[in-house]
Amino acid sequence: MIFYDEYADIPGEVIDAFVRERELGRLVTVSAEGSPHIGLYPFLYRSSTIEMHLNRADEQFADLGVHPRCVFELDDVLAVIPSYWVHAESAVAATAYHRTVVFECDAVVSLDDRELTEQQTRLMAHYQPEGGFRTVAPDDALYRGAISQIAAVRLTIRSRRAKFKLGQNRTVEARVRVVSELRRRGRPNDARAADALQWTIDRESGG
């Protein structure tokens, strides 16, 4: 992925808000043999770290034991548009809009019951703040089996790159037209895509 300046110029607080709105993220690891693996997981973003857990039978658990360097990726696929919304003849104008954040990380994996319990408690507080479950405890028969099968993973963030590809390479006038066309077309994600492009217009105008 190429991180062009016009797509990567996103305020840090906007990136943080975007990450916190995602419910699942993709972990990318490499095996001892060099094979890449990817998985989709719930997570807890804590500014400098990301927390998640893996099943001990998962191939990515084995990967991190050999290569703790990994990538955690989040994205929001918005819309694909036809070329003629931008140019009457050039097929090159056809494009896709998305928002993507990529973290390069170092992973620390723990099998400690106390750490697992504390992490699961934090994850539950994040995803299910209303409660409705018994307190997680490693010596509770309700949880003992599950805890023995998982590993706590903490990803320390080494770097972060963002690509919000939202038509910033086009003039404001061209984006205004695309926003109008997206709202008229009305596919399931088109309204969100239009709002995202409108954000770039408002940002440039100081609105």
Quiz item: So, counting K/R as plus one and D/E as minus one, what does the shell of residues with Cβ under 14 Å around W85 add up to?
Solution: +3
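Give me the 1.4 Å probe accessible area per residue for the chain, excluding ligands and nucleic acids, in Å².
Heavy-atom accessible area per residue stands at 54 Å².
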Quiz item: Taking region 65-112, how much of its Cα-Cα pair set, in percent, is spaced more than 17 angstrom apart?
Solution: 60
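If exposed GluC sites (Glu not before Pro) are those in a DSSP loop with at most 12 other Cβ within 10 Å, what is the longest stretch of the chain that has none?
Answer from the scan: 131-207.
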Exercise. Quote the Stokes-Einstein diffusion coefficient, in whole µm² s⁻¹, for region 20-101, based on the Kirkwood radius over alpha carbon pairs, a temperature of 20 °C and a viscosity of 1.002 mPa s.
Key: 141
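Step by step: find N for region 30-173, compute 2.2 N^0.38 Å, then divide the Cα radius of gyration by it. What's the final number? Provide the component values of the computation, followed by the final result.
Working: Rg = 20.3 Å, N = 144, 2.2 N^0.38 = 14.5 Å.
This ratio for region 30-173 stands at 1.40.
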Self-check item: Surface share of carbon and sulfur [accessible, 1.4 angstrom probe, percent] for the chain
Solution: 52
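The values are calculated or read from the model by the stated rules, or taken from the named source; none is laboratory data. As the structure is a prediction and not an experimental result, all values here were calculated from the model. Every residue, glycine among them, receives a Cβ derived from its backbone with ideal geometry; neighbour counts consider all protein chains shown. Just so you know, the surface numbers come from the protein's heavy atoms only, side chains and all, with ligands and any DNA or RNA stripped out. Shrake-Rupley method; radii C 1.70, N 1.55, O 1.52, S 1.80 Å.
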